[in-house]
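*Asks:* Supplied in structure tokens, the structure appears directly below.
The values are calculated or read from the model by the stated rules, or taken from the named source; none is laboratory data. Everything quoted here is computed from the prediction, not taken from an experiment. Here the Cβ positions follow ideal geometry from the backbone for every residue, glycine too, while neighbour counts run over all protein chains shown. Quick note on the areas: whole protein, heavy atoms, side chains included, nothing else; ligands and nucleic acids left out. Shrake-Rupley method; radii C 1.70, N 1.55, O 1.52, S 1.80 Å.
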Amino acid sequence: MEYCKLQIGCLIAVLYIIFIYIKEKQRFHMSRSFTLYDGILVIGAFCLIMDGTTAYTVNHLDQVNDILNRVLHGMFLVSIDTLIFTLFLYIMSETGYLEENKKRLLLFCVPYMLNVLVVMLGLNSLEYRVGSMSNYSMGISAYTCFIMAGVYIASAVWIFFRRWRYIQMHRRVSIFTCLLVVIGVTSYQMAVPDALVTSVGTMMIILGTYMNQEDPAMRELSRYHEEMVMGFATLIENRDDNTGGHVKRTTRYAALLAEEIQRRGYYRDILTKDYIHNLLLAAPMHDVGKIAIPDAILQKPGKLTDEEFDIMKQHTVRGGEIIRETFGRMGNEQYMEIAYQIARHHHEKWNGKGYPDGLKEEEIPLCARIMAIADVFDAVSENRCYRAAMPMDQCFDIIRDGSGRDFEPILAEAFLDMREKVVNIFVDNKR
């Protein structure tokens, strides 16, 4: 047992994580669909079992059948390969690279499949060597395993740095740490083959990813926060005879437009994963200032007088103030700033003739420019107390005619190009 104490300790820790993970998913009634992280958990546990088993058998060659020993080593090496490959897919998924390159998935699998084949064919050439700390195995199978690990680790590092803007900050730190652990453990194992520290890397990957990214309790807390914001915004919308559909649709329009602009390569320094996520959370609060507008003005069925419209325009100023007062100490400064900018500036116009500050062009924060298109489109496509909804073609014409005047041309063009997706959102919300 002295040769596999480390593996047993790591396995106990991983099994505990798996137990807590399953119980938490059941507690919060989360989807039972099998995810890449589920795969990492299962493969990681199996890898630790085989690691401990082979650590024992390689030190008791006189007691273990040679064929059985080689088969067990083959299973262990393949499990390591599979874990590294699954981690590679997980990182690609987190960066959005996998979604954009689904057609190349088979190409990504080729090194893994070739390596598994070589490992199995090379089992007969495995050599058992005596080390200062433990016996260990070497041969073409082990060398191939190290090479494949190096290929996928290097590829994962390249994808990570190429796509880091597409990863949320806390996930970015977690993934980078995992990569450092994998690199460190793999390098040490190659330099000191009798150390048998592979289990430490497996445990650290599973533990770190769980704590920073996959903890069901943290995911549920985030969902509660989003629903609370959406509920509060819907409550405000109900004051002007709106059922809350406006809040949901404009949020989806804004997210869709931001993701499309990011995909087209515009504003790369701004449109990080965190920015788009915070935009999604902040969008429902764009009209929060309406809570300070009298019902007589908010629900007036006819056209507002100049004096009434001046009061109505104050919802942008009041909205910004409410955001500052309410969310100023949340700890997420970017979210608070985006929410403030959206609430105050979503009625600014590209030509500088909007309100409340008369900002023009790129003086208007990007999030507010995005929100302006989403808000205007939804406003004209829905019934209001003072007018009927416009036909869909006319709604898109308003965005087209406002390009370069009310809206940034790049954003307007992207929104118009996504007509089918926009209409789908509108139709889905009506069901």
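*Asks:* On the given criteria, is residue 358 open to solvent by 10 Å² or more (accessible area, probe 1.4 Å) and on the phi > 0 side of the Ramachandran plot?
*Replies:* Working: open to solvent by 10 Å² or more (accessible area, probe 1.4 Å): yes; on the phi > 0 side of the Ramachandran plot: yes.
Criteria met by residue 358.
*Asks:* Within region 131-152, track down each residue that is out of contact with any helix residue (DSSP H, G or I) (no Cβ under 6 Å at 6 or more places or on another chain) and modelled with pLDDT of 90 or more. Even if it seems obvious, please write down each step before you answer.
*Replies:* Residues of region 131-152 that are out of contact with any helix residue (DSSP H, G or I) (no Cβ under 6 Å at 6 or more places or on another chain), as a first pass: 131-136, 138, 142-143, 147, 150.
Within region 131-152, 138, 142, 143, 147, 150 meet the criteria.
*Asks:* Please determine, by comparing only the residues of region 27-57 that are modelled with pLDDT of 90 or more, more than 30 Å from residue 128 (Cα to Cα) and not aromatic (Phe, Trp, Tyr), which one is surrounded by the fewest Cβ atoms within 10 Å (Cβ to Cβ).
*Replies:* If we take residues in region 27-57 being modelled with pLDDT of 90 or more, more than 30 Å from residue 128 (Cα to Cα) and not aromatic (Phe, Trp, Tyr), then 35 is surrounded by the fewest Cβ atoms within 10 Å (Cβ to Cβ).
*Asks:* Quick one: in region 243-289, which of the residues that are hydroxyl-bearing (Ser, Thr, Tyr) and closer than 15 Å to residue 429 by Cα is surrounded by the fewest Cβ atoms within 10 Å (Cβ to Cβ)? Walk me through it before giving the result.
*Replies:* Going residue by residue through region 243-289, those that are hydroxyl-bearing (Ser, Thr, Tyr) are 243, 250-251, 253, 266-267, 272, 275.
Within this subset, residues satisfying the condition of being closer than 15 Å to residue 429 by Cα are 243, 250-251, 253.
Numbers: 243: 12, 250: 26, 251: 26, 253: 24.
In this case the residue turns out to be 243.
*Asks:* If you don't mind, another one. Within region 1-54, can you find the residues that are farther than 15 Å from residue 207 by Cα and among the β-branched types (Val, Ile, Thr)?
*Replies:* 8, 35, 49, 53, 54
*Asks:* How many residues, within region 292-301, are outside any helix (DSSP H, G or I) and more than 24 Å from residue 364 (Cβ to Cβ)?
*Replies:* Of region 292-301, the ones outside any helix (DSSP H, G or I) are 293-294, 299-301.
Now restrict to residues that are more than 24 Å from residue 364 (Cβ to Cβ): 294, 299-301.
Of the residues in region 292-301, 4 are outside any helix (DSSP H, G or I) and more than 24 Å from residue 364 (Cβ to Cβ).
*Asks:* Scanning region 264-279 for residues that are more than 13 Å from the chain's Cα centre (by Cα) and among the charged types (D, E, K, R), which turns out farthest from residue 365 (Cα to Cα)? Walk me through how you get there before you give the answer.
*Replies:* Here is the first cut: in region 264-279, the residues more than 13 Å from the chain's Cα centre (by Cα) are 264-271, 279.
Checking which are among the charged types (D, E, K, R) leaves us with 264, 268-269.
Working: 264: 19, 268: 15, 269: 13 Å.
It comes out as 264.
*Asks:* Could you check how many residues of region 398-418 are outside any loop (DSSP other than H, G, I, E, B) and surrounded by 14 or more Cβ atoms within 10 Å (Cβ to Cβ)?
*Replies:* Keep residues of region 398-418 that are outside any loop (DSSP other than H, G, I, E, B), which gives 398-403, 407, 409-417.
In the following step, the residues that additionally are surrounded by 14 or more Cβ atoms within 10 Å (Cβ to Cβ) were identified as 398-399, 402-403, 407, 410-416.
Qualifying residue count, region 398-418: 12.
*Asks:* Looking for something of a type in the set (Lys, Arg), within 28 Å of residue 397 (Cβ to Cβ) and modelled with pLDDT under 95 - is there at least one such residue anywhere in region 373-385? Step through it out loud before you land on a result.
*Replies:* Of all residues in region 373-385, those of a type in the set (Lys, Arg) come to 384.
In the following step, the residues that additionally are within 28 Å of residue 397 (Cβ to Cβ) were identified as 384.
Still in the list and also modelled with pLDDT under 95: 384.
Yes, there is a match, as at least one residue in region 373-385 is of a type in the set (Lys, Arg), within 28 Å of residue 397 (Cβ to Cβ) and modelled with pLDDT under 95.
*Asks:* For residue 32, state whether it is among the basic types (Lys, Arg) and part of a helix (DSSP H, G or I). Spell out how you get there, then give the answer.
*Replies:* Details: among the basic types (Lys, Arg): yes; part of a helix (DSSP H, G or I): no.
Considered against the rule, which asks whether it is among the basic types (Lys, Arg) and part of a helix (DSSP H, G or I), residue 32 comes out as no.
*Asks:* Does region 302-345 hold any residues that are open to solvent by less than 70 Å² (accessible area, probe 1.4 Å), part of a loop (DSSP other than H, G, I, E, B) and more than 21 Å from residue 232 (Cβ to Cβ), and which are they?
*Replies:* If the condition is that a residue be open to solvent by less than 70 Å² (accessible area, probe 1.4 Å), part of a loop (DSSP other than H, G, I, E, B) and more than 21 Å from residue 232 (Cβ to Cβ), then 302, 304, 305 are the ones that fit.
*Asks:* With the structure loaded, tell me whether residue 141 is farther than 23 Å from residue 161 by Cβ, open to solvent by less than 30 Å² (accessible area, probe 1.4 Å) and not hydrophobic (A, V, I, L, M, F, W, C) or whether it fails that test. Even if it seems obvious, please write down each step before you answer.
*Replies:* On the way: farther than 23 Å from residue 161 by Cβ: yes; open to solvent by less than 30 Å² (accessible area, probe 1.4 Å): yes; not hydrophobic (A, V, I, L, M, F, W, C): yes.
Taking the combined requirement at face value, the residue satisfies it.
*Asks:* Go through region 158-191 and give me each residue that's open to solvent by 40 Å² or more (accessible area, probe 1.4 Å) and among the aliphatic types (A, V, I, L, M).
*Replies:* 169, 173, 180, 183, 190, 191
*Asks:* Based on this model, can you work out whether residue 112 counts as farther than 25 Å from residue 140 by Cβ, of a type in the set (Ser, Thr, Tyr) and surrounded by 12 or more Cβ atoms within 10 Å (Cβ to Cβ)? Steps first, please.
*Replies:* On the way: farther than 25 Å from residue 140 by Cβ: no; of a type in the set (Ser, Thr, Tyr): yes; surrounded by 12 or more Cβ atoms within 10 Å (Cβ to Cβ): yes.
For residue 112, the condition - farther than 25 Å from residue 140 by Cβ, of a type in the set (Ser, Thr, Tyr) and surrounded by 12 or more Cβ atoms within 10 Å (Cβ to Cβ) - is not met.
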